[in-house]
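**Student:** One structure is given below, represented as structure tokens, and several questions about it will come after.
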Amino acid sequence: MKYVPPIFAFLALLFVIALPQRAVQGASDKVNALPEKPDAPVAVTSTPTPLPTDVPDSTATPAPPRIPGRACLRINFEVSGDVAEAGTYEVVEVNGHSLASWEAEAGWQDSGWIHDLEISYEAVYVNVFYHSADGSDPVTMAIFNPAPGTEYGWVARGMCHAVEVGWP
């Protein structure tokens, strides 16, 4: 390839710029469609992009996928700030149907997700009972995220829900 002095490149560029410009087919239609007043607003329409509904929260415990027809729960002491004592924690529907139990060691805070629970209705109220190893009477745990207007926890089909508990 031959060397081209910069002055020739510059002159060639000026020549190309000075050439008469010709309108592209259809461009005049777009110009004619503009408002007569240049400062008049132009209507812009667009289709909004839906926001994602599953935005992960780095501080939240990841939720397992929903299982249609089945419920999922975890027993959690996070909201109360308490911790488990060694023993069994039992989740029971208010009608008496036992849903799940968790054998905890002293100091634990979360049961982890308990899957594939068959509940009596689409959604049910629940209590959590603590059973100590010494066989004393069960303790009804305080629910820190009760169903609205109640003192009970809740579980629903097709979703996973944390039942936040603490000591009464």
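**Student:** Residues of segment 80-91 being within 16 Å of VAL163 (Cβ to Cβ), in contact with a strand residue (DSSP E or B) (Cβ under 8 Å, 6 or more places away or on another chain) and assigned to a loop (DSSP other than H, G, I, E, B), which ones? Reasoning before the result, please.
**Tutor:** Residues of segment 80-91 that are within 16 Å of VAL163 (Cβ to Cβ), as a first pass: 80-84, 88-91.
Filter once more, keeping what is in contact with a strand residue (DSSP E or B) (Cβ under 8 Å, 6 or more places away or on another chain): 80-82, 84, 88-91.
Matches in segment 80-91: SER80, GLY81, ASP82, ALA84.
**Student:** State all residues of segment 92-104 that are under 16 Å from ARG70 (Cβ atoms) and in a loop (DSSP other than H, G, I, E, B); if no residue qualifies, say none.
**Tutor:** HIS97
**Student:** Can I ask one more? Kindly indicate whether any position in segment 71-79 is more than 21 Å from the chain's Cα centre (by Cα) and assigned to a strand (DSSP E or B).
**Tutor:** Taking every residue of segment 71-79 in turn, none turns out to be more than 21 Å from the chain's Cα centre (by Cα) and assigned to a strand (DSSP E or B).
**Student:** Can I ask one more? Filter segment 144-168 down to the residues that are closer than 13 Å to CYS72 by Cβ and of a type in the set (Val, Ile, Thr) and list them by number.
**Tutor:** VAL155, VAL163 - these are the residues of segment 144-168 that are closer than 13 Å to CYS72 by Cβ and of a type in the set (Val, Ile, Thr).
**Student:** Also: When you scan segment 129-143, do you find a residue that is within 15 Å of VAL79 (Cβ to Cβ) and in contact (Cβ under 8 Å) with a residue 60 or more places away in the chain, even just one?
**Tutor:** First, the residues of segment 129-143 that are within 15 Å of VAL79 (Cβ to Cβ): 141-143.
With in contact (Cβ under 8 Å) with a residue 60 or more places away in the chain added as a condition, the list becomes 142.
Checked segment 129-143: at least one residue is within 15 Å of VAL79 (Cβ to Cβ) and in contact (Cβ under 8 Å) with a residue 60 or more places away in the chain.
**Student:** Something else: Give the residue that is surrounded by the most Cβ atoms within 10 Å (Cβ to Cβ), with candidates limited to residues of segment 105-160 that are in a strand (DSSP E or B) and of a type in the set (Asp, Glu).
**Tutor:** From segment 105-160, those in a strand (DSSP E or B) are 110, 114-117, 123-131, 139-140, 142-143, 153-156, 160; that's our starting set.
Restricting the remaining residues to those that are of a type in the set (Asp, Glu) gives 110, 116.
Values: ASP110: 16, ASP116: 10.
Checking each candidate, the answer is ASP110.
Since every read-out is calculated from the coordinates, none of them should be taken as a lab result. Computed from a prediction, not measured in an experiment: that's the story for all the values here. Here the Cβ is made from the backbone with ideal geometry for all residues, glycine too, and neighbour counts use every protein chain on show.
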